[in-house]
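Enquirer: This is the structure I have questions about; it appears just below.
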Amino acid sequence: MGSVMENFDHATPIVVVGGGAVGMLTAFQLGRLGVPCIVAEQKLDISASTKSETLNGRSMEIFRMLGISDDFRTMVDALDAQESANEDWEITSETSVPSMAELTAENDGTWFAEPAQTCSTTVLERFLRRMCFTKPSVEIRHGWKYLSHEEGPEGVTATFIDDCWEQHAVKSQYLVGADDCEARVRKNCGAEPQKYCSPEGRVVLVGESCASSQEASRINQGVEDAVNASWRLAALLQAYGSDQLITSYGESKAQPDGKGRCKPSTSPGSRVPHITLTDGKTSTIDLLGHEWTLISSSALANTDAFCSVADELRMPLKLVKMVREFHAHSILGYNLVLVRPDGRVAWRGQEVPSGRDQVSDILQEATGWGN
Ligand SMILES: Cc1cc2nc3c(=O)[nH]c(=O)nc-3n(C[C@H](O)[C@H](O)[C@H](O)COP(=O)(O)OP(=O)(O)OC[C@H]3O[C@@H](n4cnc5c(N)ncnc54)[C@H](O)[C@@H]3O)c2cc1C
């Protein structure tokens, strides 16, 4: 009889263990990036909870970047109105200050593009599950409980038991541990506390599965984890990123910004500052593409080399010309800003390097091939 690595009844590039808010957001973002996945959630449905979560300005800005912030607020309003009609439910939604009007009044790059939003955990999970339903490449299996996994150089085979006591072996290239604070995935793969991937690099941990119990604002860290882990996995599966992307995710995670205001910066690793453009409504955040974005504020910069080298590396790159936006340019401080799919800066510069090799070095460094 072969090992479990050879015996499997489902295959997928990525399996996400746990369909809470963070698991669903990871799956949704993988879907946007063109990577199919299976989400295995032990519960048969989303359980009703009046526990409330506050998604801070940065988390809501990420939702805006993913194109789901308006739909989210609409659903929060609709569901909370419906639920508050039931006496057992508290009214949990509130849009905390500052308001959108206040956010746009002071256009100095220190504010987030969106105000915070409070809602019940149930509403958040229900919304994100609904968003996953819009991605045909995301398969959700309710009633599947994760039991164990085996990791090898080629991938992972995970074993689940469903609500009819049938076992399923799922083979994938990567496994995302998005389970709860029992952290069964983390314990099974021997990841040390404060490490967010397995030693072999085929399992990455997001959300509660790797949160320390004292960590404040855990939902907001989970939102950062979801967008941070998913672009790295997509880059590996689409063969333009190196394994180093998982190692660097595992070593340290992007900390959630989001309390009040944030000093605008384009140093690598910083979030792209939100600046409202001259039309009075578009944010710099709205310029970001599904994948990588090069923002060019100079009419003179010849960015062809970036586009053609990215093409050669099979790295999906959107070029955005942001000309005659002098105010936004002065806050960004650089003519060229290369942005990762999680809305964080990978590189900035005043001019396109003269040689293709230097452009290639920048893109390779951004995708984990640097030393
Ligand atoms: C009591 C409590 C209080 C909290 N208070 C705050 C707070 O004040 N502020 C804050 O920001 N955050 C708080 N949090 C954290 C917040 O609820 C989470 O960050 C948020 O729910 C998103 O977490 P998640 O999706 O990572 O994990 P979870 O919401 O825990 O979802 C994990 C999912 O994995 C599933 N799962 C678990 N084991 C398995 C398995 N073996 N197989 C398959 N599926 C599995 C679970 O059923 C669950 O659906 C609190 C959490 C708890 C439990």
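Enquirer: Any chance you could count the Lys pairs in the chain whose alpha carbons are under 18 Å apart, treating pairs 8 or more apart or on different chains as valid? Before the final figure, lay out each step's value.
Expert: Numbers: K43/K51; K43/K145; K145/K171; K145/K187; K187/K195; K195/K253; K281/K321.
Summing the qualifying lysine pairs gives 7.
Enquirer: OK, next. What's the Kirkwood radius of the stretch 10-251 in Å, using all Cα pairs? Display every interim value, and only then the final one.
Expert: Working: mean 1/r = 0.0543 Å⁻¹.
Kirkwood hydrodynamic radius for the stretch 10-251: 18.4 Å.
Enquirer: Name the trypsin sites (Lys or Arg not before Pro) in the stretch 16-51 that are in a loop by DSSP and that have at most 14 other C-beta atoms within 10 Å, would you? Mind dumping the intermediate values first?
Expert: Values: sites: R32, K43, K51; in loops: K43, K51.
Those that pass, being in a loop and sparsely packed, are K51.
Enquirer: Follow-up. Checking a compactness column here: for the stretch 318-371, what do you get for Rg(Cα) / (2.2 N^0.38 Å), N being the number of residues? Walk me through the numbers on the way to the answer.
Expert: Values: Rg = 12.2 Å, N = 54, 2.2 N^0.38 = 10.0 Å.
Against the compact-globule rule of thumb, the ratio is 1.22.
Enquirer: Moving on to the next point. Taking every DSSP beta bridge that has both residues in the stretch 284-366, what percent is antiparallel when rounded to the nearest 5? Numbers along the way, then the final one.
Expert: Working: 8 of 13 bridges.
If I count the DSSP bridges inside the stretch 284-366, around 60 percent turn out antiparallel.
Enquirer: In square nanometres, what is one fourth of the surface area of the convex hull spanned by the alpha carbons of the stretch 127-268?
Expert: Values: hull surface 41.7 nm².
Convex hull of Cα atoms, orientation-averaged projection: 10.4 nm².
Enquirer: Same structure, new question: Relative contact order, percent, of the chain when contacts are C-alpha pairs under 8 Å separated by at least 6 residues?
Expert: Working: 767 pairs, mean separation 69.2, N = 371.
This gives 19 percent for the chain.
Enquirer: Shifting gears a bit: Per residue of the stretch 59-70, what does 6.51 cos²θ - 1.76 cosθ + 1.60 with θ = phi - 60° give for ³J(HN,Hα)? Whole Hz please, x for Gly and Pro, Karplus curve as stated.
Expert: With coefficients 6.51, -1.76 and 1.60, one gets 4, 5, 5, 5, 4, 5, 4, 7, x, 10, 5, 5 Hz.
Enquirer: So, one more: Before rounding to the nearest 500, sum -39500 (n - 2.57) across all DSSP H runs of length at least 4 in the chain and divide by the residue total; then give [θ] at 222 nm in deg cm²/dmol.
Expert: Working: 11 runs with 117 residues, N = 371.
About -9500 deg cm²/dmol.
Enquirer: Report, to two decimal places, the Cα Rg of the stretch 228-341 normalised by 2.2 N^0.38 Å (N = number of residues). Could you put the intermediate results ahead of the total?
Expert: Values: Rg = 15.1 Å, N = 114, 2.2 N^0.38 = 13.3 Å.
So the stretch 228-341 has a normalised radius of gyration of 1.14.
Enquirer: Take every DSSP beta bridge whose two residues both sit in the chain, then give the antiparallel share in percent to the nearest 5.
Expert: Values: 29 of 53 bridges.
So the antiparallel bridges amount to about 55 percent of the total.
Enquirer: Let a ≥ b ≥ c be the square roots of the eigenvalues of the Cα gyration tensor of the stretch 284-366; is it rounded (a/c under 1.5), or, if not, prolate (a/b larger than b/c) or oblate? Spell out each step's value before the answer.
Expert: Details: a/c = 1.81, a/b = 1.30, b/c = 1.39.
Oblate.
Enquirer: Okay, next question. Can you pull out the chymotrypsin sites (Phe, Trp or Tyr not before Pro) in the stretch 160-259 that DSSP calls coil and that have at most 15 other Cβ atoms within 10 Å? Could the numbers behind the result be given before it?
Expert: Numbers: sites: F160, W165, Y174, Y196, W231, Y240, Y249; in loops: W165, Y196, Y240.
The qualifying sites are W165.
Enquirer: Would you mind counting up the charge near F72? Only other residues with Cβ under 11 Å from its Cβ, with Lys and Arg at +1 and Asp and Glu at -1.
Expert: Working: positive: R64, R73, R126, R130; negative: D70, D71, D77, E114.
That works out to 0.
Enquirer: Okay, moving on. Using amide H atoms built 1.01 Å from N in the peptide plane, name the residues 5+ places from I275, or on other chains, whose amide H lies under 5 Å from its own.
Expert: The answer is T284, I285.
Enquirer: Kindly put T157, T118 in sequence by how many other C-beta atoms sit within 10 Å of each C-beta, fewest to most. Mind showing how you got there, number by number?
Expert: Numbers: T157 24, T118 18.
Sorted ascending by nearby Cβ count, the order is T118, T157.
Enquirer: By the scheme Lys and Arg +1, Asp and Glu -1, what is the net charge of all other residues having a beta-carbon under 12 Å from that of S148? All intermediate terms of the calculation are to be shown ahead of the outcome.
Expert: Values: positive: K145, R184, K187; negative: E150, E151.
Value of the local net charge: +1.
No lab work stands behind these numbers, since they all come straight from the coordinates. Please read all numbers here as calculations on a predicted model, not as lab measurements. Counting neighbours? That spans all protein chains shown, and the Cβs are built from the backbone with ideal geometry, glycine included.
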